[in-house]
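Enquirer: The structure that follows is given in the form of structure tokens.
The values are calculated or read from the model by the stated rules, or taken from the named source; none is laboratory data. Not measured: the values here are computed from a predicted model. Ideal geometry is used to build each Cβ from the backbone, glycine not excepted, and the neighbour counts take in all protein chains shown. In case anyone asks, the SASA skips ligands and DNA or RNA and just uses the protein heavy atoms, side chains included. Shrake-Rupley method; radii C 1.70, N 1.55, O 1.52, S 1.80 Å.
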Amino acid sequence: MHADNPVVAMLGAMTNHPRPPSFPSAPAAHEEDRILANALLQLVYGCWKGSAEFGFAPRPLPPGEAGVVSGGQSRHLWADAIGVMNFCTEAARCAEAGDAIGRRDALRAGEGLAECLTKVLGQPSSHDVPMTRSSSPPFTGGTASVRYKGLRCGKRLAARVSDPGGVLDGMYFHYVYLWVFALARLGAELFSSQDAEEKVRGTKILVEASDVVCDVHPLFVERNETNTPIGVRWKINVDGTPIKGLPETRLSQDAVSGAVAWTCLCSAIEIFFEENVLKEISAHSRLGVLQKYATEMRSMAVQLRPAVSLDPKGWGLQMWEAQWLPATPLSMNHPLSPAGFVGSETVETEPTSASSDVWFQFAETLRNAQSAPGGEVGEETESAGYARRHETGVAFRAHIAWLGARVGGKRNLAQDAGRFARDAARAELLKDAAREKKENTTDCFEIDGRVAVNRVTLVA
């Protein structure tokens with residue numbers, strides 16, 4: 001890579017960093033938090049102890065939550081992307097505690113989940129709903145002799161031509177970008193190991209993430225007559241074609257999400273560019289294409305005038321993405337700057353006022369929030385109201401708001417969100433214990449039909 005490449009330039013500032021800055025560490029966990037999180041994660045995916053030695057096959061999602069394929073497996077792209085990241089977090093926690101075996105088991109579980117999901121959602125749901133073949137080799141190998149472009153989201157109902165809403169299966173950008181980020185996170189965690197075998201596995205994951213981006217970016221990004229990107233399609237058919245009936249594509253928050261995920265992937269690859277991963281990805285002629293696509297996402301994102309979401313889930317995701325927004329006015333190294341990625345002391349910028357940088361102002365507004373949309377974060381957990389939210393299918397929306405508050409909010413907001421999530425996790429485990437005993441109890445999650453996604457977002 002050329003020496004004045006901004007991603008290469010920032011490597012010097014990363015040299016002594018214990019974790020790639022592309023993936024900030026999660027807030028410090030209480031021991032009880034890990035116990036609760038692992039209990040919930042085990043309810044969703046099954047026990048992963050011993051995965052490093054025996055491998056890991058996640059249990060199917062609960063009935064009705066995703067389309068079932070031949071063999072009885074079912075996966076959901078958004079829920080399982082968060083699941084992969086949860087396993088990465090558990091691996092990091094084990095490393096902090098000196099539990100090398102636990103770390104290896106958690107990473108193997110993340111890999112097993114990634115491979116299982118790709119086998120399910122990277123293939124057509126039926127012959128009647130075809131996908132488009134990719135020129136890249138398949139990720140999972142084995143019986144998968146053909147690779148298809150993109151990943152289905154995993155909904156139960158599917159048709160060759162999807163709907164302009166969220167009922168039918170299709171490729172959803174806000175699912176795909178999170179999956180790419182999860183793979184980049186998992187690949188970086190593996191590749192940062194001193195173990196040669198883990199580096200090889202990390203390379204495989206990073207190559208897969210790059211192949212996904214190179215396949216889907218041209219499908220989701222709409223261009224004008226001069227080939228300039230003008231927006232990101234929020235949903236497309238599983239064969240990659242646009243869906244009739246959708247509003248005209250325009251700039252949206254999806255460009256910000258894509259900028260974060262694509263740039264994090266580029267950063268994860270570049271950090272290790274002196275080693276085998278860069279050679280592997282260069283062999284696929286992928287790195288230059290990835291950088292071009294990340295730049296296109298940033299170029300669209302910087303044209304937006306950002307606004308704080310009034311939806312709990314949207315606000316939580318904005319708070320999460322704010323980890324990669326500028327920490328100083330007109331920062332030159334962050335996903336939304338054409339010049340680079342994350343803040344680096346090695347890059348000098350021209351003095352400027354905060355008022356000239358709308359993204360800095362937006363990030364500061366998020367970081368200084370005193371509550372989540374709709375009032376104090378804690379209101380989401382109040383007794384009957386919390387149960388009603390489970391019934392109406394928005395429990396996971398509150399959980400994402402809590403996640404955002406914990407990683408991006410002020411200390412009091414983060415502490416409140418952590419406490420509310422802890423209380424909700426205890427309550428969910430009690431409900432599960434009651435179901436096991438066949439006690440007469442209202443089962444909000446069964447009414448909701450979102451057991452897995454509610455639990456994995458609660459763990460996050």
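Enquirer: Restricting attention to the stretch 61-77, and to residues there that are open to solvent by 10 Å² or more (accessible area, probe 1.4 Å) and under 20 Å from Ala460 (Cα atoms), which single residue is farthest from the chain's Cα centre (by Cα)?
Expert: Pro62
Enquirer: Tell me, please, whether a residue that is more than 21 Å from Ala268 (Cβ to Cβ), part of a helix (DSSP H, G or I) and of a type outside the set (A, V, I, L, M, F, W, C) can be found in the stretch 197-212.
Expert: no
Enquirer: Within the stretch 129-146, how many residues are at pLDDT 95 or above and assigned to a loop (DSSP other than H, G, I, E, B)?
Expert: The number of residues fulfilling the criteria is 4.
Enquirer: Answer with yes or no whether Val161 is of a type in the set (A, V, I, L, M), open to solvent by 20 Å² or more (accessible area, probe 1.4 Å) and in a helix (DSSP H, G or I).
Expert: no
Enquirer: State whether the residues of the stretch 186-193 include one that is under 25 Å from Ser126 (Cα atoms) and buried (at least 24 other Cβ atoms within 10 Å of the Cβ).
Expert: no
Enquirer: Hey, does the stretch 433-441 have a residue that's modelled with pLDDT of 85 or more and charged (D, E, K, R)?
Expert: So far as the stretch 433-441 goes, no, none of its residues is modelled with pLDDT of 85 or more and charged (D, E, K, R).
Enquirer: Before we move on, is Ala95 more than 22 Å from Ser257 (Cβ to Cβ), out of contact with any Asp or Glu (no Cβ under 6 Å at 6 or more places or on another chain) and open to solvent by 40 Å² or more (accessible area, probe 1.4 Å)?
Expert: Spelling it out, Ala95 is indeed more than 22 Å from Ser257 (Cβ to Cβ), out of contact with any Asp or Glu (no Cβ under 6 Å at 6 or more places or on another chain) and open to solvent by 40 Å² or more (accessible area, probe 1.4 Å).
Enquirer: Just for the stretch 245-260: of the residues that are of a type outside the set (A, V, I, L, M, F, W, C) and closer than 26 Å to Gln123 by Cα, which one is most open to solvent (accessible area, probe 1.4 Å)?
Expert: Gly245
Enquirer: On the given criteria, is Pro242 part of a loop (DSSP other than H, G, I, E, B), modelled with pLDDT of 95 or more and open to solvent by 10 Å² or more (accessible area, probe 1.4 Å)?
Expert: It is true that Pro242 is part of a loop (DSSP other than H, G, I, E, B), modelled with pLDDT of 95 or more and open to solvent by 10 Å² or more (accessible area, probe 1.4 Å).
Enquirer: Let me ask something additional. Residue by residue through the stretch 275-301, note down the ones that are modelled with pLDDT under 85 and touching a Leu at 6+ places or on another chain (Cβ under 9 Å).
Expert: Hits for the stretch 275-301 are Val277, Leu278, Glu280, Ile281, Leu287.
Enquirer: Only one of these is in contact with a Lys or Arg (Cβ under 6 Å, 6 or more places away or on another chain), closer than 22 Å to Ala460 by Cα, in contact (Cβ under 8 Å) with a residue 12 or more places away in the chain and crowded, with 24+ Cβ neighbours inside 10 Å: Leu121, Leu113, Leu117, Leu107. Name it.
Expert: Only one candidate qualifies: Leu117.
Enquirer: Here are the criteria: (1) without any contact (Cβ under 8 Å) to a residue 40 or more places away in the chain; (2) closer than 27 Å to His174 by Cβ. Tell me which single one Glu53 does not satisfy.
Expert: Just one mismatch for Glu53, condition (2).
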